[in-house]
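What follows is calculated from the coordinates using simple rules that are stated; it is not laboratory data. Keep in mind that what you see is a predicted model, and the values were worked out from it rather than measured. We place every Cβ from the backbone using ideal geometry, glycine too, and count neighbours over all the protein chains shown.
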């Protein structure tokens, strides 16, 4: 059982403030992770003894070609899938062999997801889409609009709050998806190829949003196959054939400049 997921909102806020303030706090501690997928008699080992840790405040890119194991790694880190063997501590909690109910609570309260395909509901306004994690998190109806608008403001979409996804650009849709990811004030933002469906200029704009969030203290894990996108991160982990080939830091002067 993950104790503090069932504590009061005040206690959860205190816990998160403590975690965010401690830059050495190991939000992610993954050790010797193995994962094999089986289809009939065919086996594919996607992760082979992967170990890594990510501390609070880091902006980490996990980069690799298609089939390298990077998406499987994100699924493990994001509690969307479970390892065959290994240990995983998320924000100090052992998340191995816990119930699906607890995993759902972790995904709602600890992790904000941003996907390549946006995953917004077209029948809802941007504000209503951003409110969805708050509904699942049992946040009061009075509090939800305030938090949603605050998240939309953080990504520059206040004036578009009442528009639906089919009434805005692809870049604005992805900004709304980022707002949805941060609205619960999660410990970690996980972005899986967030610029994959965007043009070059819009991709830069979206990465600037992630940069600003990171500067304000957000911990970001970015999955990408593009070197230009990985260059925005302060740390790059290269994955190939289910193993980590390289784990390196990006120098500040090597990062792309902010666009206007």
Order of 39, 202, 195, 87 from fewest to most other C-beta atoms within 10 Å?
39, 87, 202, 195
I need the semi-axes of the equivalent ellipsoid of segment 105-178: take the C-alpha gyration tensor, multiply each eigenvalue by 5, square-root it, list largest first in whole angstrom.
19, 14, 11
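Report, please, the projected area of segment 118-260 averaged over directions, based on the convex hull of its C-alpha atoms, in nm².
Numbers: hull surface 38.2 nm².
Averaged projected hull area, Cα only: 9.5 nm².
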Pairs of Cα atoms farther than 22 Å apart, segment 62-149, %
41
Would you mind giving the average projected area, over all directions, of the Cα convex hull of segment 82-125 in nm² with one decimal?
4.7
Note: the chain, point scatterers on Cα, Debye, no solvent; log10 I/I(0) at q = 0.07 Å⁻¹ equals -0.23
Rounded to the nearest 500, what is the chain's calculated 222 nm mean residue ellipticity when only DSSP H runs of at least 4 contribute -39500 (n - 2.57) each, over all residues?
-10000 deg cm²/dmol
Shape descriptors of segment 169-223 over alpha-carbon atoms, Rg and Dmax in angstrom, are 10.6, 29
